[in-house]
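*Asks:* Here's a structure for you.
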């Protein structure tokens, strides 16, 4: 039995220590936010925040994050009370398919926590390791800029 | 006028009862088509009247009730065969339906892509969703509104044209009122659509023409359960398939017993060279699949085509040659010179960010239910039934959204994988998700192509004769009711043979899509050299041959403009009569600032244009680049697109498609080419197959020409072709070299500069 702190709550999970955090979050705890994209830490779709850092959950073992504060997309806000980044992504329609959106929002959350008023260039640098295949990049940048302008 | 309401129980849905009613005489349009014999099944279409075909997908699905149901609690249920691929279609058709029915969009719920519930609209592809589905939904909603108004007129004793509708509530001048829900809740529209009910004029539209928030984006932004990946039916187990190392590799041996002992493994499946595992937990299935791969021995083919020699391979194959345009040069046109060029492009992959996923469940009654993100649930379901050797009624396909789809990717094969594993493990939902490696190596690619162009010009440099010859393998190997088109079916002990591919003919074309230039050349000949064999697995990818053909046409015309010392925009307009084509070119140039642009060292501008398929949306793209002459590296500084998609339902939806397509095409054109040889596909992840990233994406401006009241012209693939040529043309303008082989990598550009 492993105790995982996710979105401010402690969850008991029965999973081998070497199981990737992504599958435990998705399958054991039924979070939809983090997505499987590559399993290789190359695309960013699986990003979660652990102790303030954007982390690729597909290559993070569950045993290595026991006791740490894990935040998923669901931990930011929900459809009725979205976080300012989630709201900005909705308002800017910052997606075509939206499969990468979890990673975009989670990486941007860490960016804004460290740099509340980033420039266009700083946003692009921060998101350069998050892949989008649909070409929604400029919408994503606009969404992050919009969120940074909200209080 | 009498209403005969026939309250027979006809269909039972999830807890709801649907009844049919017939309305002979409820509006003269229905008088001839409505009466159904008592007891006749409601789904049986009425005798087809000898009339012009119904609009869009109504042609094959005329029954109003197969599209629309008035449900309890003030709801309206819209059922469509086209599916959401990230293109926003479900939102767009909701806008159309809500406007024509005069209801709030919130009242709508939509079912799409369920083979037991929705009208069969074929494949969601080819930029046909708006022309087919959008047109049908608009017309059928207008028909339903007219039926409801006529019913209300009868109930309220007032002429229909005196009634007003507000959000489904119908009012008479004297204050009496009723509503759609009072009139027909739970009853089915058992009449055929007419396609003749008056449509809302642009001035009376509430949603159409406005950019509403797409229905799927709020749940996607907040972790809602909306993706196929998010389905977790009770008892679900996890499957994985182990593919051969190379397309034609032979399985020599496999030690399944060693894998069956691994933690959580429920079953190892072997059928010919189809290998799979089923395990309790997902990571256990992944580990078991890796172990199964290690425990299997394969023989690679001694020889196989290689991406390094694809251009020679294309020209060496036996071809089926078809002249698709043959307009002889008039005797009066005099030639003062002949110019030739050859254009090449490699295989390019769809490379969705989310790998293909499906869930299969074999039920007690023998029904195979498959949740899938296939574009073609009906045809793929029939192909799966053939693979399983069961009646197609025993395969129930349900579309659930997957990561964006740009054509025939791994979705259908994953559905077949799930069905094969579920058959081997009855009673439990078996979920399969391809690995990144599977997706990169096994999806069908967009075919490599080679194009030879030849033009004769007169003394002024104007084109008097144009010849275009293209070589390509197939662009369409979709399931199409045939198990031989499903990847795993070809790997079974009793393999299904892949059918010989065919090239799609006019008017859409396939390899030769957009091979006929829209320009008015005095002489014009286009020949397709179609190759029926394969150098790599291929199928429909956004734009099919249009990407390559427009690259060649619009690069070559730029070369001819330069030779004639003409402005590339002016030279195009000189050869183009089509008014809407001219309009997008001029609009793109205006938004770009073409006429006041000033040349700087290392910088260049390029423009290109096409009407997708010569019958869908018009798109012109202008962009500016900076080329580093010492490294050959291209930086795209900005891009502008002008688009005419006819009547625009969602301006932001159209812009999103055009902008997204432009950026994706930049990625293809700057970076992409699948590498493979006899050992298999070498482009197996994002490191070995890089795509454009945030710091490389330029600002993009999209300007629309809206034409309310005109037909919807498909948008989704319209920017792929023009982008590639606009880029090559801008590079030529920047550094004076013409690169005719894609992608435009730094090494290739540098070599051209040094040559």
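*Asks:* Just the C-alpha atoms of segment B:495-618: what Rg/Rh do they give, with Rh taken as the Kirkwood radius? Don't skip to the answer; put the middle values down first.
*Replies:* On the way: Rg = 17.6 Å, Rh = 16.6 Å.
With Rh from the inverse mean 1/r over Cα pairs, Rg/Rh is 1.06.
*Asks:* Rule-of-thumb check for segment A:45-151: C-alpha Rg over 2.2 N^0.38 Å? List each step's numbers first, then the result.
*Replies:* Working: Rg = 13.3 Å, N = 107, 2.2 N^0.38 = 13.0 Å.
The value comes to 1.02.
*Asks:* In addition: Can you give the Rg/Rh ratio of segment B:276-362, where Rg is from the C-alpha atoms and Rh is the Kirkwood radius?
*Replies:* Details: Rg = 25.2 Å, Rh = 20.4 Å.
We get a ratio of 1.24 for segment B:276-362.
*Asks:* I've got another one for you. What whole number of Å gives the distance from the Cα centroid of segment B:235-306 to the Cα centroid of segment B:114-154?
*Replies:* Cα centres, segment B:114-154 to segment B:235-306: 45 Å.
*Asks:* Additional query: If one puts a single equal scatterer on every Cα of segment B:634-680 and applies the Debye formula without solvent, what log₁₀ I(q)/I(0) results at q = 0.13, 0.16, 0.21, 0.23 Å⁻¹?
*Replies:* Cα-only, vacuum Debye calculation for segment B:634-680: -0.47, -0.60, -0.80, -0.89.
*Asks:* Hey, another quick one. Can you compute the radius of gyration and Dmax for segment B:515-573, using only the Cα atoms, both in Å?
*Replies:* Cα only, segment B:515-573: 14.8, 43 Å (Rg, Dmax).
*Asks:* At 0.36 nm per residue, and after removing the present C-alpha to C-alpha distance, how many nm does the segment from residue B:695 to residue B:177 gain when stretched out fully?
*Replies:* Details: separation 518, 0.36 × 518 = 186.48 nm, distance 5.90 nm.
Using 0.36 nm per residue and subtracting the Cα-Cα distance, I get 180.6 nm.
*Asks:* Kirkwood Rh over Cα pairs of segment B:535-685 into Stokes-Einstein at 25 °C, 0.890 mPa s: D in µm²/s? Don't jump to the answer; show the numbers that get you there.
*Replies:* Details: Rh = 17.2 Å.
Using the Kirkwood radius from Cα pairs, D works out to 142 µm²/s.
*Asks:* OK, next. Tell me, A:123, B:165, B:432 in order of fewest to most beta-carbon neighbours within 10 Å?
*Replies:* With the fewest neighbours first, A:123, B:165, B:432 line up as B:165, A:123, B:432.
*Asks:* Something else now. Take the Cα atoms of segment B:669-723, build their convex hull, and give its volume per residue in Å³. Intermediate results must be reported in sequence, preceding the final value.
*Replies:* Values: hull volume 7.5 nm³, N = 55.
Spread over its residues, the Cα hull of segment B:669-723 gives 137 Å³ apiece.
*Asks:* While we're looking at this one, here's another question. At 0.36 nm per residue, minus the direct Cα-Cα distance, what do residue B:577 and residue B:106 gain on full extension? Give it in nm, one decimal, please.
*Replies:* Numbers: separation 471, 0.36 × 471 = 169.56 nm, distance 4.48 nm.
Gain on extension, residue B:577 to residue B:106, equals 165.1 nm.
*Asks:* What is the ratio of the Cα radius of gyration of segment B:618-755 to 2.2 N^0.38 Å, where N is its residue count, to two decimals?
*Replies:* 1.17
*Asks:* Over the alpha-carbon set of segment B:354-405, divide Rg by the Kirkwood Rh and report the Rg/Rh ratio to two decimals. Intermediate values should be presented prior to the final figure.
*Replies:* Details: Rg = 11.0 Å, Rh = 11.2 Å.
On the Cα set of segment B:354-405, Rg over Rh gives 0.98.
*Asks:* Tell me the Kirkwood hydrodynamic radius of segment B:460-553 in angstroms, computed as one over the mean inverse distance between distinct C-alpha pairs.
*Replies:* Details: mean 1/r = 0.0668 Å⁻¹.
Final number for the Kirkwood radius of segment B:460-553 is 15.0 Å.
*Asks:* With each run of n ≥ 4 DSSP H residues scored as -39500 (n - 2.57), what mean residue ellipticity at 222 nm is computed for chain B after dividing by its residue count and rounding to the nearest 500 deg cm²/dmol? Display every interim value, and only then the final one.
*Replies:* On the way: 17 runs with 193 residues, N = 755.
Using -39500 (n - 2.57) per qualifying helix, the result is -8000 deg cm²/dmol.
*Asks:* Jot down the radius of gyration and Dmax of segment B:306-415, Cα atoms only, both in angstrom.
*Replies:* 23.1, 76
*Asks:* Give the percent of DSSP beta bridges with both residues in chain B that are antiparallel, rounded to the nearest 5.
*Replies:* Working: 90 of 122 bridges.
Of the beta bridges lying entirely in chain B, close to 75 percent run antiparallel.
*Asks:* Report the calculated FRET efficiency for residue B:280 and residue B:51 (r = Cβ-Cβ distance, R0 = 45 Å), to the nearest 0.05. Spell out each step's value before the answer.
*Replies:* Values: r = 58 Å, r/R0 = 1.29.
E between residue B:280 and residue B:51, to the nearest 0.05, is 0.20.
*Asks:* What fraction of the Cα pairs in segment B:690-755, stated in percent, has a spacing above 20 angstrom? Present the calculation step by step, with values, prior to reporting the outcome.
*Replies:* Working: 1016 of 2145 pairs.
Tail fraction, whole percent: 47.
*Asks:* If you take the alpha carbon radius of gyration of segment B:288-338 and divide it by 2.2 N^0.38 Å, what ratio comes out, to two decimals? Show your work: numbers first, answer last.
*Replies:* Details: Rg = 24.4 Å, N = 51, 2.2 N^0.38 = 9.8 Å.
So segment B:288-338 has a normalised radius of gyration of 2.49.
*Asks:* Antiparallel as a % of all DSSP beta bridges within the protein assembly as shown, to the nearest 5? Don't jump to the answer; show the numbers that get you there.
*Replies:* On the way: 102 of 136 bridges.
For the protein assembly as shown, the DSSP antiparallel bridge percentage is about 75.
*Asks:* Please compute the Kirkwood hydrodynamic radius over segment B:423-512, one decimal place, Å, based on all pairs of different Cα atoms.
*Replies:* Details: mean 1/r = 0.0574 Å⁻¹.
Here the Kirkwood hydrodynamic radius works out to 17.4 Å.
*Asks:* Please give the direction-averaged projected area of the C-alpha convex hull for segment B:173-249, in square nanometres with one decimal.
*Replies:* Details: hull surface 57.0 nm².
Approximately 14.3 nm², given one-decimal rounding.
*Asks:* I've got another one for you. Once all Cα-Cα distances of segment B:373-528 are split into 5 Å bins that start at 0, what whole-number percent is in each one?
*Replies:* Whole-percent P(r) values from 0 Å outward: 2, 8, 14, 17, 15, 11, 8, 7, 6, 5, 4, 2, 1, 0, 0, 0.
*Asks:* Only helical DSSP H runs with n ≥ 4 go in: add -39500 (n - 2.57) per run for chain A, normalise by residue count and round the 222 nm mean residue ellipticity to 500 deg cm²/dmol.
*Replies:* Numbers: 5 runs with 46 residues, N = 151.
The per-residue figure over chain A is -8500 deg cm²/dmol.
*Asks:* Taking 0.36 nm per residue of separation and subtracting the Cα-Cα distance, what length does fully extending residue B:570 through residue B:492 add?
*Replies:* Values: separation 78, 0.36 × 78 = 28.08 nm, distance 5.78 nm.
My answer for the length gained is 22.3 nm.
*Asks:* Right, here's the next one. How many percent of the alpha carbon pairs in segment B:83-223 exceed a separation of 22 Å? Don't skip to the answer; put the middle values down first.
*Replies:* On the way: 4279 of 9870 pairs.
Summing the P(r) of segment B:83-223 above 22 Å gives 43 percent of all pairs.
*Asks:* In a solvent-free Debye calculation with one equal scatterer on each Cα, what is log10 I(q)/I(0) for segment B:201-291 at q = 0.11, 0.13, 0.15, 0.24 Å⁻¹, listed in the order of the q values?
*Replies:* Each listed q corresponds, in turn, to -0.53, -0.62, -0.71, -1.13.
*Asks:* Over the Cα atoms of segment B:541-592, how large are the radius of gyration and the largest Cα-Cα distance (Dmax), in Å?
*Replies:* 12.2, 36
*Asks:* Follow-up. Simple spin-label model, 7 Å along Cα-to-Cβ: residue B:326 to residue B:204 in nm?
*Replies:* Between residue B:326 and residue B:204, the simple spin-label model gives 5.2 nm.
*Asks:* Can you give the translational diffusion coefficient of segment B:577-627 in µm²/s, computed by Stokes-Einstein from the Kirkwood radius over Cα pairs at 20 °C and 1.002 mPa s?
*Replies:* Values: Rh = 11.9 Å.
In µm²/s, the coefficient rounds to 181.
*Asks:* Okay, next question. Could you tell me what a quarter of the Cα convex hull surface of chain B works out to, in nm² with one decimal place? Provide the component values of the computation, followed by the final result.
*Replies:* Values: hull surface 141.4 nm².
Quarter of the Cα hull surface area: 35.3 nm².
*Asks:* Distances longer than 46 Å among the Cα atoms of the protein assembly as shown: what percent of all pairs is that? Walk me through the numbers before you get to the answer.
*Replies:* Working: 115953 of 409965 pairs.
Roughly 28 percent, rounded to a whole number.
*Asks:* Compute the separation of the alpha-carbon centres of segment A:77-151 and segment B:571-631 and state it in Å as a whole number.
*Replies:* 31
Each reported figure results from applying straightforward, stated rules to the coordinates on display, with no laboratory input. Keep in mind the model is a prediction, meaning the values are calculated, not measured. A quick note on method: Cβ atoms are made from the backbone with ideal geometry, for glycine too, and the neighbour counts reach across all protein chains shown.
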